[in-house]
Amino acid sequence: MIARYPLLALAFLFTLASAPLFAGGKKPPGVAIRLHGEGSATDGPSFVSEIDTGPPHGKTFIKKVPEVNERDIKSFYPFPGHDGLAGAYFRLDAHGANKLMQFTTEENGRAAFILINGRIVARVKIDGAVRDGVLYVPGGLLPSEILALQQIFPVIGEDGRAVLNKSRPAPKP
C-alpha cells in the first residue's frame, strides 16, 4: 500500500510527526519560575546540583527536579521586594497547589530555593504547610520579568479572585 501511494504515506507520516507540536495548544511561558527543594551530597549527582548561595549559607545542594514550575501558575501579584527589586505572589492551579502543599508538609524545617530564569532569587526556610496555593517570592524579580509576567498571567485581583489570603505575610514596602 505504501509503495502504491507514496504521497499519501508521506502526508500521513508528516501529520503524525507534527502532532506533538500542536498538542495542548498552550504556548510555554517566557519566564522560568522554579521552586527547588534542598538536597544532600548523598543524593548523588543525578538528583542534585551543588550551588553557591553566597553568604551566609555558602555552597549547598538543590534537587534538580523542581517541585513547582511556571506551568503550575494561574495568576500573580507583584509588589516591591525586600531587595529593591520586585517580589510576587503566584497563585497556583489545583495541581500546583497540591504539589506545593505536599512539598511544604514533607520538607518542613528545610530550605527551598526559588529560581527565576535559572538564577537563585530567594532561599526560604519552610516553616509549615502552604495550604492556600500561593507561592511567595520575597524579591529578586527584575522589572523586565514583571513586564513579561504581565503578558503571560493575569494579576491577582484582576482575575476575579480575592487579592490575598490575609494569613500570609504582608509585603514590605
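Read-outs throughout are calculated quantities, based only on the coordinates presented, and are distinct from any laboratory measurement. Every value quoted in this text rests on a predicted model; they were computed, and no experiment measured them. For neighbour counting, all protein chains shown are included, and Cβ atoms are generated from backbone atoms with ideal geometry for every residue, glycine included.
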Table column - 3J(HN,Hα) (Hz), the stretch 107-122, Karplus curve with 6.51, -1.76, 1.60, x for Gly and Pro = 9, 3, x, 9, 9, 9, 10, 9, 10, 10, 6, x, 10, 6, 10, 7
Counting sequence-distant residues (5 or more places) and residues on other chains, those with an amide H built under 5 Å from that of residue 93 are 73, 74
Put a dot 7 Å past each Cα toward the Cβ at residue 131 and residue 155; how far apart are the dots in nm?
-> 3.1 nm
For the stretch 124-141, Karplus couplings with θ = phi - 60° (6.51, -1.76, 1.60), whole Hz, Gly/Pro x = 10, 8, 7, 10, x, 5, 8, 9, 8, x, 10, 8, 9, 10, x, x, x, 7
Distance from the stretch 41-74 to the stretch 88-114 (C-alpha centre basis), Å = 14 Å
Which order do peptides 146-157, 81-92 fall in by mean Cβ count within 10 Å, highest first?
-> 81-92, 146-157
The stretch 37-84 - charge dipole about Cα centre, Lys and Arg +1 at Cβ, Asp and Glu -1, debye rounded to 20 = 120 debye
Once you have all Cα-Cα distances for the stretch 55-106, histogram them in 5 Å bins from zero and send the whole-percent values.
-> 4, 16, 17, 18, 22, 18, 5, 0
Contour minus Cα-Cα distance for residue 105 and residue 148 (0.36 nm per residue) | 12.4 nm
